[in-house]
Amino acid sequence: MLKVNAYAAPSATEPLEPITIERRDVGPTDVLIAIRYAGVCHSDIHTVRGEWGPITYPQVVGHEIVGEVVEVGAEVTKHAVGDRVGVGCMVDSCRECENCKAGMENYCLKGNTQTYASVDRDGTITQGGYSTHVVVDEDFVLRVPESIPYEAAAPLLCAGITTYSPLARWNAGPGKQVAVVGMGGLGHMAVKIAATMGAEVTVLSRTLAKREDALAFGATAHLSTADDATFEALADRFDLIVNTVSAPLELDRYLSLLRLDGTMVNVGAPPQPLPLHVFTLFNNRRSFAGSSIGSIAETQEMLDFCAEHGIAPEVELISADKINDAYERVLSSDVRYRFVIDTATL
């Protein structure tokens, strides 16, 4: 077992603190990754604070991981020592169910093994990327293109794929009207990706504080949801709405913005149920859907797409001792647009 430095939550109510954790020995199909950078996702906060259900403490979170391969198992063929790699939200799946066999490990019918707070193959609880090293099966390790700045690559492993997947699935592109709800870590990536795909993009958020950024990232409009006139002006407008907000919304108001056969896709995950009236769906034959990260193949496709088109998230680099401050700033929407931990400071 390899002992490594990390930052962990000791409970749901205490600040994260330095800790030493153990990583499993490198198996035949495993790679050992020296983590260079780890993104801070709102999901990390929901998890450590027990908002998505009880977890086992201490818990190391972080599922936006980039680093360098420093050791490989005897049977590894996909990666080599020195490779620039990434790990996203999952590190294993059953590989036997219908969805896994179809290459959709993220929808594993038995539940994929999450990068943190899941039960691993050896019965231990998975620990995430707020650490110096991680051991992962080669099949769940991504290749990070050289053209993507190292520290900016980390958020692509969650924020990037979480928005790319529904945009690709629902065919965002030329001639399509796409709305992005929320202009945070996920939202700003959704704007960049959708605009690059050729869609006409509108940002919907409570305030207009980030309007200049939205337009710079490729949006053609940025409107306030605090203004009732916004919903009147945009009624029956959009082919696709991607909701990135992890807070309650009046779904009926947003669904009313969809044109015939339009779809609203939720990628934000508020801890409480979201009510809606089905009659809003009957009108215009609208759909309400959910989307969860992406498969390994789709995540690699997203990384290659971002490399080809020069897309990268906007990041603020922090040292490990600033993680708790970063959490508070995420909760107050005081980040543009993703905190990334320099793991050399662990």
Inset, instruction - Would you mind pulling out the separation of the Cα centroids of the range 305-332 and the range 182-256, in Å? - result: 21 Å
Legend entry - Inter-label distance, nm, simple model (7 Å from Cα along the C-beta direction), Phe231/Trp52: 2.8 nm
Legend entry - GluC sites (Glu not before Pro) restricted to the range 144-238 and DSSP loop, no more than 14 other C-beta within 10 Å: Glu146
Inset, instruction - Take the Cβ-Cβ distance between Glu14 and Glu250 as r, set R0 to 30 Å, and report the resulting FRET efficiency rounded to the nearest 0.05. - result: 0.30
Legend entry - Dipole in debye (nearest 20) - the chain, about Cα centre, beta carbon charges: Lys, Arg +1; Asp, Glu -1: 680 debye
Inset, instruction - Quick one: order Phe140, Phe217, Phe238 by neighbouring beta-carbon count within 10 Å, fewest to most. - result: Phe140, Phe238, Phe217
Inset, instruction - Using 0.36 nm per residue of separation minus the Cα-Cα distance, give me the extension gain between Asp261 and Leu208 in nm, one decimal. - result: 16.2 nm
Legend entry - Options Tyr254, Pro15, Gly290, ranked by Cα towards positive dipole end of the chain, top entry (Cβ charges): Tyr254
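Counting only DSSP beta bridges with both residues in the chain, tell me the antiparallel percent, nearest 5.
Close to 55 percent.
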Legend entry - Least to most buried among Leu2, Leu234 (fewest other Cβ within 10 Å first): Leu2, Leu234
Inset, instruction - Report Rg(Cα)/(2.2 N^0.38 Å) for the range 160-290, keeping two decimals. - result: 0.94
Inset, instruction - Report the charge-dipole magnitude of the range 53-203 in Debye, nearest 20, computed about the Cα centre from +1 at each Lys and Arg Cβ and -1 at each Asp and Glu Cβ. - result: 600 debye
Inset, instruction - Given the peptides 13-22, 160-169, arrange them by the average over their residues of other C-beta atoms within 10 Å, most packed first. - result: 160-169, 13-22
Inset, instruction - Can you give me the span-like helices of the chain, meaning DSSP H runs with 18 Å or more of Cα extent along the axis and Kyte-Doolittle mean at or above 0.5? - result: 185-197
Legend entry - HN-Hα J in Hz across the range 26-37 - Karplus 6.51, -1.76, 1.60, θ = phi - 60°, x for Gly and Pro: 5, x, x, 10, 9, 10, 9, 10, 7, 6, 9, 9
Legend entry - Percent RCO, i.e. relative contact order, over the chain, from Cα pairs under 8 Å lying at least 6 residues apart: 18 percent
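Could you tell me the relative contact order of the range 16-102? Use alpha-carbon pairs under 8 Å, at least six residues apart, and round to a whole percent.
The normalised contact order for the range 16-102 reaches 31 percent.
The numbers here are math on the coordinates, done by the rules we state, and not lab data. What you see is a predicted model; the values in this text were computed from it and never measured. Using ideal geometry, Cβ is built from the backbone for each residue, glycine included, and neighbour counts are taken over all protein chains shown.
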